[in-house]
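Worksheet for the structure shown next.
All of the numbers you see were taken from the coordinates with simple rules; none came from a lab. Fair warning: this is a prediction, and the values are worked out from it, not measured in the lab. Here the Cβ is made from the backbone with ideal geometry for all residues, glycine too, and neighbour counts use every protein chain on show.
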Amino acid sequence: MLTVATARRNALYCVAAFFMLSLVLGCGKEYRFIKAASFKGPRGISITFAGPVDEKWAKDQANYSINEKTDPDIYLRIAAISLRPDRLSVTITLEEDINQKATHTLAIKGIVSEGRNMGSAIVDVKKFYLGYLLSILMGAMIINNFVFTKYLGLCVFFGTSQKKSTAIGMGITFTIVMVASAMMSWFLYQFVLKPFRLDFLQIVVFIGLVSLSVQAVDTILRKVNPVLFKAFGVYLVLVIANCIIIAVPLILADNEYNAIESLMLALGAGLGFLIALFLMSSVRERIELADVPPTFKGLPIAFILGGLFALSFMGFSGMSLF
Amino acid sequence: MDPVLLKLAVGGLAVLGCIGLFFGVGLALAAHKFAVKSNPMVEEVLEVLAGAQ
């Protein structure tokens, strides 16, 4: 009996380890021989290699092609290529300024190092990573708040923002379910749907995954923490009916985000919803005491409030952090 | 019909079926493992009581 239990636990660990491993591998899709690629100045891209490359190969412009990831058919023109004396780093200068907010794809043909062909590589070049991640997080949370700028998830937003306590409970549950389902759908999209060319089924699959994660959280929470489960009550099931939770996986799939970026977007969307619910519930608690004309009592005034919040959130629009 | 499309359809059915089965079994196991004992009388009483909501 004991051995069966340990075997089962080991199997569980194996599955978890595999999952984590594939997530980590999925993050670093970079080719091994290229150690780093980053923007350098307004027009430059610098590439660091793991070993010295041949000068003749490195200086040949035909070996490099650069494009914005979203426009694979528009190649950016290269003005000059310089090689550092230690032959470990190449700087490509382009003819025009680079739009550094966009991810660029850099394809490098047949790298030659010490006379040996190291194969070709395709790398993504992005701006400073931590800042980029933070800008995704803050972007989803505040600048492009899903409720106030995209008007998604309004049914749950108006339904659960009457009291502060339920608003916060809903926000936290939502964030948990959001992160879980977004990570699962990212994984499934990258490793199952895309390789099998089934990406046209993404909506169906994502809906299934959302209900799966809600059901799983429901089942586990009921046993593990009955008090919290009682506190969440009906809101846990209501999460299924939220538009944000299906919008985020679709955005992830569209933008080809990697694991960490997906995590940041999901977290940002969840926390943004929490902020929106908290703000709205604090105001609605006060509105209860105010003298509202009978026509506007209840939901109508709440919609007007939502509009005012959206107006004020417009102040953030177009901001860029890094 | 185009064999490529046919392959896609059958492959899709198989892959999604496998995923569905996998998660379905997972959920069933989870429900079994995290089962909460509830008093059967609660449901019986609820059945008898009137209540539209």
Quiz item: Arranged by the count of other C-beta atoms within 10 angstrom, fewest first, what order do A:Val53, B:Val4 take?
Solution: B:Val4, A:Val53
Quiz prompt | Debye intensity ratio I(q)/I(0), log10, region A:153-241, q values 0.12, 0.13, 0.18 Å⁻¹ (C-alpha model) | solution = -0.42, -0.48, -0.80
Self-check item: For region A:34-125, alpha-carbon Rg and Dmax in angstrom
Solution: 12.3, 36
Quiz item: What's the angle, to the nearest 10 degrees (0 to 90), between helix B:3-33's Cα axis and the longest principal axis of chain B?
Solution: 30 degrees
Quiz item: Taking the Cα centre of chain A as the origin and placing charges on Cβ (Lys, Arg +1; Asp, Glu -1), which of A:Ile244, A:Met319, A:Thr173 is farthest toward the positive end of the dipole?
Solution: A:Thr173
Self-check item: Dipole magnitude (debye, nearest 20) for chain A, charges at Cβ of Lys, Arg, Asp, Glu
Solution: 780 debye
Self-check item: Nearest 10 degrees, 0 to 90: helix A:2-27 Cα axis against chain A principal axis
Solution: 60 degrees
Self-check item: Additional length obtainable on full extension of the chain from A:Leu134 to A:Tyr13, 0.36 nm per residue less Cα span
Solution: 40.4 nm
Quiz prompt | Estimated 222 nm signal from helices in chain A, with DSSP H stretches of n ≥ 4 weighted -39500 (n - 2.57), rounded to 500 | solution = -16500 deg cm²/dmol
Practice problem: For chain A, find the longest principal axis of its Cα atoms and tell me its angle to the long axis of helix A:202-224, 0 to 90°, nearest 10. | Solution: 60 degrees
Practice problem: Please grab the % of Cα pairs in region A:129-316 that end up more than 31 Å from each other. | Solution: 20 percent
Practice problem: Treat every Asp and Glu Cβ in region A:96-174 as -1 and every Lys and Arg Cβ as +1, leave all other atoms uncharged, and give the resulting dipole magnitude about the Cα centre to the nearest 20 debye. | Solution: 340 debye
Exercise. Provide Rg over Rh for chain B; use the alpha carbon set for both Rg and the Kirkwood Rh (inverse mean inverse pair distance).
Key: 1.40
Quiz item: Of chain A, which part is the longest with no GluC sites (Glu not before Pro) in a loop (DSSP not H, G, I, E, B) and with at most 13 other C-beta atoms within 10 angstrom?
Solution: A:115-287
Quiz prompt | Cβ charges +1 (Lys, Arg) and -1 (Asp, Glu), total dipole of region A:129-316, debye | solution = 400 debye
Quiz item: In the protein assembly as shown, with Lys and Arg counted as +1 and Asp and Glu as -1 at Cβ, which of these residues, A:Phe296, A:Phe33, A:Gly44, has the Cα nearest the positive end of the dipole, that is, farthest along it?
Solution: A:Phe33
Quiz item: To one decimal place, what Kirkwood hydrodynamic radius in Å is obtained for the protein assembly as shown from all pairs of distinct Cα atoms?
Solution: 24.5 Å
Quiz item: From Cα coordinates alone, what are the radius of gyration and Dmax values for region A:177-216 in angstrom?
Solution: 9.8, 28
Practice problem: Could I have the simple spin-label model distance between A:Glu68 and B:Leu27, label points 7 Å from Cα toward Cβ, reported in nm to one decimal? | Solution: 4.1 nm
Self-check item: Average partner coverage of A:182-195, which counts Cβ from other chains inside 10 Å
Solution: 1
